[in-house]
1. Which of B:S77, B:T113, B:S37 sits closest to the plus end of the dipole of chain B, meaning its Cα is farthest towards the positive end, when Lys and Arg get +1 and Asp and Glu get -1 on the C-beta?
2. Ranking B:K103, A:K83 by Cβ neighbours within 10 Å, fewest first, what do you get?
3. Enumerate the amide H contacts of A:T48 below 5 Å, restricted to partners 5 or more residues apart or on another chain; note that Pro and chain-start residues carry no placed amide H.
4. Could you give the semi-axes, largest first, of the ellipsoid that matches segment B:4-90, computed as the square roots of 5 times the alpha carbon gyration tensor eigenvalues and rounded to whole Å?
5. May I ask you to sort B:K11, A:K33 by Cβ crowding, counting other Cβ atoms within 10 Å and putting the fewest first?
6. Can you work out ³J(HN,Hα) from phi for every residue in segment B:14-30, in order, using Karplus 6.51 cos²θ - 1.76 cosθ + 1.60 and θ = phi - 60°, giving whole Hz and x for Gly and Pro?
7. With all distinct Cα pairs included, what does the Kirkwood hydrodynamic radius of chain B come out to in Å, to one decimal, could you say?
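Every number here is computed from the coordinates shown, using simple stated rules; none is lab data. Everything numeric here is computed off the predicted structure, so don't read it as measured data. With ideal geometry, Cβ positions are generated from the backbone for all residues, glycine too; neighbour counts draw on all protein chains shown.
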Amino acid sequence: MNEGRGGLRASDADRERAVEVLKAAFVQDRLAKAEFEAHVGRALASRTYAELAAVTAGIAAPLSTVQPPATPSQMAEQRTIRKISQAELAEALGVSRQTVILIENGRYMPSLPLAFTIARFFGLTVDGMFG
Amino acid sequence: MMTFIPPRLRKPAVYVLAGLLFAAAWLVQGGHLWFVSIMAVIGTAAGAVRLYRLGGTDTDEGARAGSRTDERQQLVSLRSRALACNLAAATSFLGLTAAIAVKAAWGWPFLVTFLITGYGYLLGLGNYGVAEEGTPDDEDAGSQTRPSVSS
């Protein structure tokens, strides 16, 4: 079940961020014009984060940098962005809904294994998620 | 054995077992208080049903009753048990001390409780506290070597 966030649907905002990464690479001459156009086409046609990651792979930093930056209530924000309910996230992480709520409220700091699981689920680093 | 019992039935099963043992004790005792065993059975049945229903709720208590706790809920249970053990040890020590002071014969249960809690703590340290030492690399091994004392 826990295939990470790669299988999740990407939003228009995610596709636009990927295009921005491609633009930056093109401006810096890291992409030829033909490559840039092909990559942009693929980015705009991407439906999942995995597909977006494949488009930007080898061009820039991993897709995590294309993601909205993590903020203090990162987990709640990331969950809201992906339109995942607390119950769904809890089930995916193998914890209770109450634990998800407490983590989002900053009233419980998860263990390292759980922190890694959460970060992997959202495609972010542990530092970016909880740092 | 517990793995063969569905998680939601585990706590009620333990509860029923304990309740039946308690009821059996009253029955074996005989005398005019035998009916307490029947009350114990009725109370146990009611408690087990309540525990089973609680196990189906989406709460921390429900998770504990349904034996499906996550790491946070396990941590809370662990801390609560540790607190209970600390209280038992402190209380037994106070009871034992009081019994010694008044030269009472009723001090031995306190002594037994105190010894059990103390031994349980040491047992816990033995089981969980002593990690297997890894092999230090050369640099660390060198820094940890105590210089020989020359006479």
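1. Selected residue: B:S37.
2. Values: B:K103 7, A:K83 10.
With the fewest neighbours first, B:K103, A:K83 line up as B:K103, A:K83.
3. Those lying under 5 Å, H to H, from A:T48 are A:A10.
4. Values: eigenvalues 165, 69, 18 Å².
The equivalent ellipsoid of segment B:4-90 has semi-axes of 29, 19, 10 Å.
5. On the way: B:K11 19, A:K33 8.
Ascending Cβ contact count within 10 Å gives the list A:K33, B:K11.
6. 5, 4, 5, 4, 5, x, 5, 4, 5, 5, 5, 4, 5, 5, 5, 4, x
7. Numbers: mean 1/r = 0.0492 Å⁻¹.
Hydrodynamic radius (Kirkwood, Cα pairs) of chain B is 20.3 Å.
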